[in-house]
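Note sheet for the following structure.
The values are calculated or read from the model by the stated rules, or taken from the named source; none is laboratory data. Predicted model, so just to flag it, every value in this text is computed and none were measured. Using ideal geometry, Cβ is built from the backbone for each residue, glycine included, and neighbour counts are taken over all protein chains shown. Areas reflect the complete protein model, heavy atoms only, side chains present, ligands, DNA and RNA absent. Shrake-Rupley method; radii C 1.70, N 1.55, O 1.52, S 1.80 Å.
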Amino acid sequence: MKNRIESFRGSDHFRLNYIADRVIAAIAVPGTGSLGNAAIIDLGDTTLVVDTFSTIQAAEDLKAAAEYLTGNPVSYVINTHWHSDHTSGNQVFLPAAHIISTSTTREIMNTFARDRLAQYRENTEQLYQAIEEFKEQIQQETDEKLKREMAWENASDREFMKMLPNLVHSLPTITFDQQMTIHGSNRSIQLITFGGGHTQSDAIVYIPEDKIVVIGDLVLSKHHPVLTYANPQEWLNILEQIELLDVETIVPGHGEVCSLQELHEVKGYITDIMAIVTEAVQSKNSIDEIEVPELYRSWYFTTYFKTNLSKVYDMITKLED
Ligand SMILES: [Zn+2]
């Protein structure tokens with residue numbers, strides 16, 4: 001198997017960013033089948049990949065890159081959380097690799113995510129129709145930044161639909177509940193979960209000697225964090241736990257490789273969203289007219305601002321009932 005891939009000419013789906021000796025971030029190119037970021041870590045005698053993108057195609061390129069760059073087949077794949085833009089490419093790495101996640105993440109992939117995928121398969125016609133309608137909406141959008149983002153989303157959705165018939169829902173084969181260490185001949189890495197913040201269960205990959213953390217969607221760089229399945233307070237607690245680690249470099253779930261500054265920005269964002277919604281609820285104002293605060297106006301994933309507000313609004317008003 002060694003050196004099976006003799007050349008890798010790069011991928012349309014991601015750009016490689018060499019962040020330490022044999023630690024490589026694969027940064028998603030917007031509007032392609034990747035959607036989320038991934039990482040390749042050379043452990044010496046074995047190779048590990050973190051997250052598997054949104055499509056089979058992007059994952060195949062990731063596998064080729066990992067094998068080419070490390071000279072070894074991929075032995076371990078980590079799923080930081082269950083979202084499909086981090087797990088859809090799993091099948092590409094089986095049966096050769098072990099796929100590892102927290103037990104909660106595997107449980108959700110085997111229930112909720114599996115059911116949702118079955119619904120997608122049953123409703124492909126409606127989904128394609130929604131994609132076409134969204135395209136018309138894009139043509140009418142006058143805000144250039146938003147228009148570009150919507151076009152990326154539309155293109156990514158098409159990529160996902162294209163590979164849907166070939167998608168084999170592939171679950172993690174090894175699970176852990178708190179912490180797990182993988183030892184290679186050149187370095188050891190730690191898988192850690194502090195519970196659920198962005199989703200019901202989020203794991204990070206920590207490389208202590210290089211002060212790197214591959215953090216999944218707990219930190220996005222210059223993108224609105226996604227609160228759809230979040231527990232905002234727990235998310236803040238988890239980020240505080242991560243701050244106690246010795247970290248200098250962060251591979252975020254979306255956006256460019258970053259540092260603790262972006263982690264602090266995410267904390268600020270979640271705190272701000274909770275404050276904005278609390279204020280609206282207390283003064284009995286609607287959240288519909290609230291605009292993106294100046295500080296976050298250049299960030300991507302703009303459409304998540306409104307869904308984030310609604311999510312927190314529902315949480316607060318439900319608590320008050
Ligand atoms: Zn996510």
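Before moving on, here are some points about what is shown:
- Against the test of being assigned to a helix (DSSP H, G or I), open to solvent by less than 30 Å² (accessible area, probe 1.4 Å) and without any contact (Cβ under 8 Å) to a residue 40 or more places away in the chain, the options Ala59, Ala26, Ala65 yield a single qualifying residue, Ala59.
- Some residue of segment 226-236 being acidic (Asp, Glu) and within 13 Å of the chain's Cα centre (by Cα): no
- Among the criteria (1) over 25 Å from Ser54 (Cβ atoms); (2) in contact with a helix residue (DSSP H, G or I) (Cβ under 7 Å, 6 or more places away or on another chain); (3) basic (Lys, Arg), the one Arg158 does not fulfil is (1).
- Reported count of residues in segment 250-266, each being open to solvent by less than 40 Å² (accessible area, probe 1.4 Å) and not in a loop (DSSP other than H, G, I, E, B), is 6.
- For Thr175, the requirement of being open to solvent by 60 Å² or more (accessible area, probe 1.4 Å), closer than 15 Å to Trp82 by Cα and among the hydroxyl-bearing types (Ser, Thr, Tyr) is met.
- Selection status of Asp12, more than 20 Å from Val213 (Cβ to Cβ), surrounded by fewer than 24 Cβ atoms within 10 Å (Cβ to Cβ) and free of Cβ contacts under 8 Å to residues at least 60 places away in the same chain: yes
- Condition check for Ala230: in contact with a Gly (Cβ under 8 Å, 6 or more places away or on another chain) and more than 26 Å from Arg297 (Cα to Cα): no
- Entry remark, segment 207-220: residues being without any contact (Cβ under 8 Å) to a residue 40 or more places away in the chain and under 19 Å from Lys267 (Cβ atoms) number 1 in total.
- Residue within segment 244-251 that is over 24 Å from Arg22 (Cβ atoms) and free of Cβ contacts under 8 Å to residues at least 60 places away in the same chain present: yes
For every residue, the table says whether it meets (1) open to solvent by less than 10 Å² (accessible area, probe 1.4 Å); (2) assigned to a strand (DSSP E or B); (3) within 16 Å of the ligand (Cβ to nearest atom); (4) more than 22 Å from Leu35 (Cβ to Cβ).
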| site | (1), (2), (3), (4) |
| --- | --- |
| Met180 | no, yes, no, yes |
| Ser185 | no, no, no, yes |
| Leu191 | yes, yes, no, yes |
| Gly196 | no, no, yes, no |
| Gln200 | no, no, yes, no |
| Glu209 | no, no, no, yes |
| Pro225 | yes, no, yes, no |
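- Selection of first residues in segment 221-233 that are over 12 Å from Thr307 (Cα atoms) and of second residues that are charged (D, E, K, R), restricted to Cβ pairs under 8 Å at least 6 apart or on distinct chains, gives the following pairs, ordered by first then second residue: Ser221/Glu256; Ser221/Glu262; Lys222/Glu256; Lys222/Glu262.
- Selection of segment 273-321 for residues being open to solvent by less than 40 Å² (accessible area, probe 1.4 Å), within 28 Å of the chain's Cα centre (by Cα) and over 16 Å from Ala230 (Cβ atoms) yields Ile287, Ile290, Val292, Pro293, Tyr296, Trp299, Thr302.
- Scanning segment 253-284 for residues that are touching a residue at least 24 places away in the same chain (Cβ under 8 Å) and over 22 Å from Ile242 (Cβ atoms) gives Ile276, Val277, Thr278, Ala280, Val281.
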